[in-house]
Amino acid sequence: MHLPNDPLKFRKNNQSFQIKLENLRLALGLSHSEWAEHLHMTQGGYEKSVILGPKVSLATMFRLSETFHFSLDKFWKNELDYRALMANHLAQNDTENSSQVYLIPEKYQVAPFSRTRTGKVMFDFLESKAGTGLVLMVFRHFQMNPRLFDNLDGWINNIFFTDMFNFLEEMIPVSRNFYYLMGRQSTITNCQTDLGKVYRQMKGPKWIYENLFGELMPFYERNSNYQILDLNHDHCIVRTRTKKEIATALRVRHLGSPSICQWKAGVFSAASGYIGLKDAQIRETHCVHRGDPDCVFEINYDHLF
């Protein structure tokens, strides 16, 4: 997390700090007395701070960010999505409503053609490898509630996953095959879902990949077109190309990143695990992030028999 160069000076002398705190209170729908309690102030101390300026410790700010699931970094930079913060706080506290709606920040609502299933897979992997603390840090940074990803068939845009990978690389050491291993988690997370049940009925890898890149791809995403170039009982070669209208809506030339391609390689390689086989061998022979017109994956599974 990046703090201002001098957080103490920022809090004492920058009038916008008081405005930011008030915007935060309003977004959360808290009364002045409730807000004073969260700031660890008496009612009289809070009323005085409104006039003279708030004196809030950094420890208190950290507690606020953890309690209300927001990023302090974005708070300092005035980049909080207050609408998402308000909606998620209301949903979190609506214990009588079993169908709470957790809002995705506006940035990630544009052209939302990736499944939240993908996020569930990624967060399961992060929790298993780095613990709950890192997962909660990611949710706070992106102003999302963890329950958002309980619905595997929800929609979010591809930019979220690219941004999340960039954030992870700032926070933790990332090994060369980190995202590949994360992609392999897909088979584990989806194994007992309806999607996993469909895969388990298939006779072999050929049928798995024929369906993965065909009828079942909408269970993962609708950002790209997948074309099988060659398919038999030994291998599958598939070409993927970003849909132009989605790239245009997201203002990028190509969706994803080299890390996203590694993630996909892990997903594709481990798909044979649905029927109890070891991973297929996979190689990305062409990649748009290396200057090629398309991404092409060669998947070999002749060694599995």
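Observations
- Of the helices (runs of 4 or more DSSP H) lying entirely inside region 115-195, those containing at least 2 residues that are under 25 Å from residue 249 (Cα atoms), open to solvent by less than 60 Å² (accessible area, probe 1.4 Å) and in contact with a Gly (Cβ under 7 Å, 6 or more places away or on another chain) are 158-171.
- Output for region 202-212, where each listed residue is open to solvent by 60 Å² or more (accessible area, probe 1.4 Å) and either in contact with a helix residue (DSSP H, G or I) (Cβ under 6 Å, 6 or more places away or on another chain) or modelled with pLDDT under 95 (or both): 203
- In the set 208, 299, only one residue is part of a helix (DSSP H, G or I), closer than 21 Å to residue 185 by Cβ and more than 21 Å from the chain's Cα centre (by Cα); that residue is 208.
- Test: residue 183 is small (Gly, Ala, Ser) and on the phi > 0 side of the Ramachandran plot: no
- Whichever residue in region 213-270 is in a helix (DSSP H, G or I), within 28 Å of residue 106 (Cα to Cα) and aromatic (Phe, Trp, Tyr) and, among such residues, is least open to solvent (accessible area, probe 1.4 Å): 263
- Only residues that are open to solvent by less than 60 Å² (accessible area, probe 1.4 Å), assigned to a helix (DSSP H, G or I) and either touching a strand residue (DSSP E or B) at 6+ places or on another chain (Cβ under 7 Å) or modelled with pLDDT of 85 or more (or both) were counted in region 76-108, giving 1.
- Residue within region 109-119 that is at pLDDT 95 or above, under 13 Å from the mean Cα position of the chain (by Cα), under 21 Å from residue 66 (Cα atoms) and of a type outside the set (Val, Ile, Thr) present: yes
- Lone unmet requirement of (1) modelled with pLDDT under 85; (2) not in a loop (DSSP other than H, G, I, E, B) for residue 5: (2)
The values are calculated or read from the model by the stated rules, or taken from the named source; none is laboratory data. Since the model is a prediction, treat every value here as computed from it, not as a measurement. Cβ: placed from backbone, ideal geometry, glycine included. Neighbour counts: every protein chain shown. Only protein heavy atoms, including side chains, enter the accessible area calculation; ligands, DNA and RNA are left aside. Shrake-Rupley method; radii C 1.70, N 1.55, O 1.52, S 1.80 Å.
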